[in-house]
Structures are given as C-alpha cells and as structure tokens.
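Student: Could you have a look at this structure, given as structure tokens, before my questions?
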Amino acid sequence: MSRAVIDQPGPRIVIVGLIMSFILGFALKSQTAPEKIQKHLQKAVSRLEKDFTIDFEGANVNLSNWGLPWPRLEINRVRLSPRKNICQSSQIFIDQIEIPISWTALLFSQTTVDTVRAHNVELRIADLDNCIVDSEPVKATAKSVLVKSDSAKPEMIAAENLFQKKTSSLLKNIYVDQLKIIVKNQYQQPLILRQLNVNLEYSRETLSQINIKSRLLALNDPKSDVFYFGGDLTSSVKAIDKQDFEVQLNLKGRMLDGDLQIFSQFSSLSKNLNYEIKAKKISVKAFLPLVKLNGFEAVFDRWPINLSFDLTGQTKSLNSDAVSTAKINKIELSGERTHVVIDQMNFEFKKTVFELQPFTAQIDHLPLNQFKYLATLKSDLNSFEDLGDIKAQVQFTNPKNWTMDGILTGTNLIFSNRGTRELQKIDSIQMHSTQKNEQHDLLLTEFKVNSQEIKGQMEAHFNQKNNALTAKMDITGILLNAKIWKQLTQIEQAPEIKMTWSYHKTADLRQQVFLSAPEVQFEGFSFKDLQIDFIQASGGENQSLALTMKSKEAEIQVANLTYAAASGLFNENSGLQGANYQARKLHLNLKGSDWKNMNFDFEMGLHNSEDEKQSAQLRVKGNWKNDAILNSTALLQNGANLIKYDITKTAEDEILLVPVSK
C-alpha cells in the first residue's frame with residue numbers, strides 16, 4: 001500500500017510546475033523590466049515621429065482586469081502633437097492605452113499586436129481644413145493607418161497603399177470606450193463616439209476590409225449637457241480590387257423626438273459619393289446648433305414644429321471641381337398651427353456656387369405671431385396681440401424671382417387708453433407678393449374687418465438697389481369696432497372712416513395720412529364731416545410733423561361736457577350760458593419737430609342753438625415743450641366783450657382755462 005503511494009506522479013508534477021513557473025516568471029520579469037518596455041515603445045514611437053511628437057507619463061505591464069489574467073501593457077497619459085507647423089496647436093490626448101500581450105510574445109520577444117484598447121481619447125483640431133486635408137499623398141501602413149488617415153485627402157485616404165501593401169502586422173481590433181472630437185471654432189459642439197470598435201480583416205497578409213461600429217452623440221444643447229442626437233454608427237472600408245475600394249456609412253438614431261437615418265457610399269475608382277438622408281418629425285429646435293440664424297433661435301426655441309424630408313444626392317469627383325446634386329422629396333413642416341409642404345426640391349452645388357431649382361411651396365397654415373420673439377422686431381410689434389396666420393402658395397424660380405399668393409387671417413391689434421385694453425381683429429386680407437430681380441412688390445386687397453368688407457387696397461414697392469420704399473393705401477369702411485371707439489371717445493359708435501396713406505423713403509422720408517368721417521362723437525361733442533391730415537418729413541438732421549383737423553360743424557351739449565377746460569369757457573363770466581351750441585369752421589393746426597415739442601393754434605365760431613343772435617369766436621395759440629411745459633393763451637370774442645385766458649396744465653394733466661382779463 002505504501003509502495004503504491006510512493007509511485008504516484010504527484011511530486012514530479014509539482015517539481016515540473018515549479019520549474020516552469022520559475023522559467024515563466026523569469027521570462028516575464030526580464031521582458032517587463034522598465035528598460036525593456038521603454039526599448040519596445042521607443043521603437044514603436046520612432047515609426048510615428050515623422051508626423052507626430054509623442055510623449056507619455058509612463059508604461060508598465062499588469063494582469064488584465066477582463067477575461068483571463070493575461071498580461072497587458074498599459075501606457076498612461078499619451079499626447080500626440082502634429083509636426084506640421086499649421087497643425088501644432090491640434091492635439092490628441094489618450095488617458096490610457098491597453099495592449100494585451102500573449103505569453104508567446106513575451107517569451108520570444110515578438111512585437112505583433114492584434115488588439116488595442118484606449119480609454120478617454122480626445123481629438124482637438126485647431127484648423128480643420130489644413131490639418132485634416134493634406135497637400136501631399138500619405139503613405140500608410142497597417143500600423144499607422146489610424147494615425148495617418150486623419151491627415152489624408154478625402155479622395156485618397158491612403159487607401160490605395162493601405163489595401164495593396166503586404167504587412168506582417170496583424171492588428172485586428174481597436175476598442176475605444178470614448179472618443180471626443182473637438183474643433184476649435186465649434187468647441188461647443190463636440191462629436192462623441194462611445195464603444196468605438198474598429199475591426200480589421202486580412203487576406204493573404206493584405207488588409208482587405210475595415211469595419212467600424214460605434215454609438216454617436218452630436219448636436220449638444222448650448223444650455224445643457226444634453227445631446228439632441230444619439231444613434232448607432234456602422235461603417236466599412238472594403239477593397240474591391242487593387243485599384244478600387246468602397247466606403248459605406250450607415251447612421252440611424254433619434255434626434256430629439258424624431259428619427260434620422262443617413263446612408264452614404266463612396267467609390268475610389270469613380271470618385272463618386274452617393275448619400276441619402278431621411279428625417280421624420282424632427283423638432284426644428286434640434287437643428288439650431290448647426291446654423292446661425294441671426295436671432296431666430298428665440299423663435300424656434302418656443303415654436304413646437306417638426307421637420308420631415310427624404311434627401312438623395314450625389315457628389316462627383318471629391319476635389320475643387322466637385323459637383324453635388326441632390327433631390328429632396330416631400331419636405332413637410334408641421335406642428336402647432338403650422339403646416340407647410342414642398343413636394344420636391346432640387347439643388348446643385350458646383351465650385352462654391354449653390355443653385356436651387358424652381359419649386360412650389362404650399363403653406364396651409366403659418367402663424368406669423370411666432371416671429372414676434374425676434375429681437376429685431378419685438379419692440380416694433382407691441383401693438384399686435386396676434387400677427388395672424390398665412391395660407392399661401394409660393395412659386396420659387398430663384399432667390400431673386402418668386403411670387404406668393406395667399407390670405408392673412410386673424411390679425412389682432414391692441415388699443416389701450418385710460419387703463420383699458422381692447423382688441424381690433426382684422427378678419428382677412430388677400431395678399432399678392434412678387435420679387436423680380438431687385439424689385440419687391442406687395443399688393444393687399446379684399447380687406448375684411450368686423451365681419452364687413454372694407455373697400456380699397458394697399459400696395460408697397462421696395463427696390464433693393466437704391467433702398468427706395470414707396471407705399472400707398474386707400475380704404476373706406478368701419479375700421480374700428482364699437483368697443484374701441486368707446487375706449488377712445490367714451491361714446492359707443494362705429495363710424496365709417498375713409499383713409500388714404502402715402503409713404504416714400506430713400507435717404508429722406510415723407511409720409512402723409514388723411515382721415516375723414518361723416519360724424520364722430522365725444523362726450524358733449526359731435527363733429528360733422530371731420531377731416532384729419534397728417535404729414536411727416538425727415539432728411540438728415542431735420543424732421544417735421546404737421547397735423548391739421550377740420551370740421552364744418554360740431555354740436556356741443558354743454559351739460560355733457562366732461563372736460564375741465566369746458567367749465568372755464570361756458571359760464572356766466574364768458575356770457576356763454578346756453579345749453580347747446582353749434583361750433584362752425586373748426587380748425588386745428590399742430591406743427592413741430594416731434595410730438596414732444598409742438599406749436600399749435602385753434603379757431604372756431606360758436607352759435608347758440610337756442611338764440612341765433614348770440615355768437616362768439618374762440619382763438620387759441622401756444623406750444624408745449626419736452627412733453628411737459630405748456631405755454632398757451634386763448635381769446636374769446638363774445639359780442640363786444642373780449643376775454644383772455646391762460647391755458648394751464650395740472651399735475652394730473654388736466655387742461656384748465658383761467659381768465660386773465662375781460
């Protein structure tokens with residue numbers, strides 16, 4: 001029994017194991033010594049130093065934390081700087097590079113590496129055009145392709161050398177947990193690739209295909225760390241033959257609440273790039289980081305609308321003579337009170353010249369009120385509660401030639417007075433607008449206000465060459481509703497108004513507005529055949545305003561007068577003690593440089609409605625300055641009596657007539 005135990009092979013196995021462990025341990029120690037690692041790294045670095053300056057904090061060999069405990073080489077804090085002068089401010093930073101090492105490679109000093117892992121890679125590009133696009137062909141090998149391909153011309157990508165040259169390198173997989181790409185002039189919009197996996201396939205010691213998979217994040221919200229787009233990226237570069245290779249890219253993901261798909265295909269032999277982009281109900285807000293809209297960000301940030309389109313295109317010969325053509329099918333803008341459709345749009349881009357082919361746009365619903373948030377318009381649109389909605393058709397020939405026919409509905413204007421606020425709705429206006437070269441013309445007809453038709457039209461003309469703007473309007477009808485008239489006059493009424501307006505502006509400005517009404521009532525006053533004429537002119541530092549008001553006759557009911565000045569005029573001292581008067585030939589003139597500084601004069605004849613023999617004449621003259629200081633006197637000629645008044649203004653802005661002499 002004891003002999004059988006002694007003959008067991010266990011002790012021999014243990015002894016052999018100890019010997020092998022000693023040999024492997026000695027080999028591992030000898031091959032992982034700092035000077036040995038440094039020697040291998042310097043040899044690898046020397047291959048890249050033609051194009052890059054490379055430095056790192058340190059390198060060592062540890063056992064892997066994933067899978068079996070194989071040894072791995074760790075290189076920490078790596079920085080690569082291009083040697084090209086114009087690109088030296090561009091940098092590549094890598095927190096850590098892990099290279100798994102086989103026992104065979106350690107024992108026999110082999111340098112073949114089939115897998116590389118990188119952690120937190122950051123690519124900073126200072127000059128995108130000059131650093132990514134090189135002026136010289138790039139000679140690449142399997143070991144340097146990942147570094148050199150970024151500096152190659154797009155039409156070359158060093159691929160002809162890459163797929164033709166035999167290599168002893170069998171690098172098969174590159175894993176990057178995160179690659180962050182930052183361009184200097186767009187540093188707020190980085191591209192982030194997560195779980196980046198690059199797989200290299202070989203055939204007869206020649207690279208035959210490169211496969212790339214990654215998670216792509218793009219379009220960073222400027223106000224947060226949220227990315228509007230997140231999708232899956234797959235790409236492949238495949239050798240077709242010695243003279244041709246093919247590149248395919250497929251990107252599919254979500255852009256906010258919408259779907260985005262991009263597919264592209266490139267052939268090195270034909271130098272043609274084909275691509276397709278499909279967007280489905282993507283919020284326009286998601287595109288804001290891509291374009292500069294000169295203040296429109298505030299509009300689309302508040303406007304919940306979506307964009308859908310299907311684009312197919314081709315670029316021939318990827319060089320300075322490249323020609324790009326594209327077709328977009330069914331462009332649709334939809335959302336809150338919005339629906340715009342373009343069935344098809346074609347365009348061409350050739351030698352930096354962009355040409356858009358003719359198309360038709362159908363605007364079913366477009367709310368102009370969203371444009372109130374434009375900083376350039378906001379202060380000018382305070383009098384609008386709602387700018388209204390447009391329904392129209394646009395015939396586009398080119399940017400300088402197009403027409404639009406449509407209707408504007410639901411415009412609401414704000415009227416405020418004495419702490420009250422009322423709205424005036426414009427039901428509808430027919431529009432016809434044209435652009436012909438430098439001339440833009442607008443015609444407005446078929447006005448409908450207060451559910452009633454307004455007679456007349458308005459037209460405007462603008463010449464872009466000399467910046468001349470002319471406009472004129474001639475309309476007649478009930479322009480304001482009864483509530484607004486009550487707000488303005490304290491009397492509920494809705495008189496018919498005739499309005500003409502002319503406007504001309506080049507270097508100088510001149511406009512004139514004429515208003516007339518058969519009758520307009522105020523508290524205690526009823527004006528017959530009222531006419532108001534306003535003229536404004538400006539040129540250089542000179543400007544002037546003039547307003548004239550005339551009325552052939554006005555009925556005055558003294559008991560209903562609510563103005564403080566009236567009590568100073570109709571009383572025992574003036575001799576005007578009748579209950580009702582007729583004011584004839586009323587005439588008011590206002591002249592000044594602006595509304596805060598005006599000269600004025602007023603004249604009317606007064607006739608007692610109950611005593612035709614009693615009549616008087618009132619003349620007023622004066623001015624106000626800085627919208628506060630009033631200097632004015634009035635003269636009342638009542639028969640043989642002449643009474644002089646000082647006209648003053650109280651702290652409550654009431655106008656008083658104070659008799660000075662009789």
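Student: Right, A239: farther than 26 Å from P190 by Cβ, buried (at least 18 other Cβ atoms within 10 Å of the Cβ) and of a type in the set (A, V, I, L, M, F, W, C) or not?
Tutor: Values: farther than 26 Å from P190 by Cβ: yes; buried (at least 18 other Cβ atoms within 10 Å of the Cβ): yes; of a type in the set (A, V, I, L, M, F, W, C): yes.
So A239 passes the test.
Student: Out of the residues in the stretch 215-236 that are touching a residue at least 24 places away in the same chain (Cβ under 8 Å) and of a type in the set (S, T, Y), which is nearest to S283 (Cα to Cα)? Walk me through it before giving the result.
Tutor: Within the stretch 215-236, the first condition is being touching a residue at least 24 places away in the same chain (Cβ under 8 Å), and the residues that meet it are 216-222, 227-231, 233, 235-236.
Now drop any that are not of a type in the set (S, T, Y), which leaves 228, 235-236.
Working: Y228: 10, S235: 27, S236: 30 Å.
In this case the residue turns out to be Y228.
Student: While we're here: Every residue in the stretch 231-245 that is among the charged types (D, E, K, R) and in a strand (DSSP E or B), please. First the steps, then the outcome.
Tutor: Residues of the stretch 231-245 that are among the charged types (D, E, K, R), as a first pass: 232, 238, 241-242, 244.
Within the stretch 231-245, D232, K238, D241, D244 qualify.
Student: Please go through the stretch 255-272 and pick out each residue that is more than 29 Å from the chain's Cα centre (by Cα), closer than 24 Å to L217 by Cα and buried (at least 19 other Cβ atoms within 10 Å of the Cβ).
Tutor: Of everything in the stretch 255-272, just one residue is more than 29 Å from the chain's Cα centre (by Cα), closer than 24 Å to L217 by Cα and buried (at least 19 other Cβ atoms within 10 Å of the Cβ), namely F266.
Student: I would also like to ask the following. Name every residue in the stretch 257-282 that is of a type in the set (S, T, Y) and under 14 Å from L311 (Cβ atoms), in order of residue number.
Tutor: Selection gives S264, Y275.
Student: Hey, among I497, I491, which residue is within 24 Å of E422 (Cα to Cα), of a type in the set (V, I, T) and open to solvent by 30 Å² or more (accessible area, probe 1.4 Å)?
Tutor: Details: I497 fails: open to solvent by 30 Å² or more (accessible area, probe 1.4 Å).
Checking each option against the conditions leaves just I491.
Results for (1) open to solvent by 50 Å² or more (accessible area, probe 1.4 Å); (2) closer than 27 Å to R418 by Cα; (3) in contact with a Cys (Cβ under 9 Å, 6 or more places away or on another chain), shown as yes or no for each residue.
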{"residue": "N467", "(1), (2), (3)": "yes, no, no"}
{"residue": "E519", "(1), (2), (3)": "yes, yes, no"}
{"residue": "S526", "(1), (2), (3)": "no, yes, no"}
{"residue": "F534", "(1), (2), (3)": "no, yes, no"}
{"residue": "N542", "(1), (2), (3)": "yes, no, no"}
{"residue": "T548", "(1), (2), (3)": "no, yes, no"}
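Student: Sticking with this one: Kindly establish whether K613 is over 19 Å from G524 (Cβ atoms) and in a loop (DSSP other than H, G, I, E, B).
Tutor: Values: over 19 Å from G524 (Cβ atoms): yes; in a loop (DSSP other than H, G, I, E, B): yes.
Here the answer is yes, as K613 does meet what is asked.
Student: From L219, L269, grab the single residue that is at pLDDT below 95, of a type outside the set (D, E), over 17 Å from L196 (Cα atoms) and part of a loop (DSSP other than H, G, I, E, B).
Tutor: Numbers: L219 fails: part of a loop (DSSP other than H, G, I, E, B).
It is L269.
Student: Among the residues of the stretch 625-662, write down those that are in contact with a strand residue (DSSP E or B) (Cβ under 7 Å, 6 or more places away or on another chain), over 30 Å from R418 (Cα atoms), in contact (Cβ under 8 Å) with a residue 40 or more places away in the chain and exposed (fewer than 15 other Cβ atoms within 10 Å of the Cβ).
Tutor: K662
Student: Select, from E555, E603, E612, the only residue that is of a type in the set (D, E), open to solvent by 80 Å² or more (accessible area, probe 1.4 Å) and either under 19 Å from L530 (Cβ atoms) or over 56 Å from the mean Cα position of the chain (by Cα) (or both).
Tutor: On the way: E555 fails: open to solvent by 80 Å² or more (accessible area, probe 1.4 Å); E603 fails: open to solvent by 80 Å² or more (accessible area, probe 1.4 Å).
From the options E555, E603, E612, the qualifying one is E612.
Student: Here's a follow-up. Between a first residue in the stretch 169-187 that is surrounded by fewer than 14 Cβ atoms within 10 Å (Cβ to Cβ) and a second residue that is small (G, A, S), which pairs have beta carbons less than 8 Å apart while being 6 or more apart in sequence or on different chains?
Tutor: From the stretch 169-187, the pairs are K184/S89; K184/A126.
Student: Quick one: in the stretch 388-404, which of the residues that are in contact with an Asp or Glu (Cβ under 9 Å, 6 or more places away or on another chain) and of a type in the set (A, V, I, L, M, F, W, C) is surrounded by the fewest Cβ atoms within 10 Å (Cβ to Cβ)? Explain how you work it out, then say what you get.
Tutor: Restricting attention to the stretch 388-404, the residues satisfying the condition of being in contact with an Asp or Glu (Cβ under 9 Å, 6 or more places away or on another chain) are 391-395, 398, 400.
Those left that are additionally of a type in the set (A, V, I, L, M, F, W, C): 392, 394.
Numbers: A392: 19, V394: 17.
Here the answer is V394.
Student: Which residues, counting only those in the stretch 175-201, are closer than 18 Å to Q248 by Cα and either in contact with a Phe, Trp or Tyr (Cβ under 9 Å, 6 or more places away or on another chain) or not hydrophobic (A, V, I, L, M, F, W, C) (or both)? Full working, then the answer.
Tutor: The initial filter retains those residues of the stretch 175-201 that are closer than 18 Å to Q248 by Cα, namely 193, 196-201.
Across the stretch 175-201, the qualifying residues are L196, N197, V198, N199, E201.
The values are calculated or read from the model by the stated rules, or taken from the named source; none is laboratory data. For clarity, every value in this text was computed on a predicted model and none was experimentally measured. In this analysis, Cβ positions are derived from the backbone assuming ideal geometry, glycine residues included, and neighbour counts consider all displayed protein chains. Accessible surface areas use protein heavy atoms only, side chains included; no ligands, DNA or RNA. Shrake-Rupley method; radii C 1.70, N 1.55, O 1.52, S 1.80 Å.
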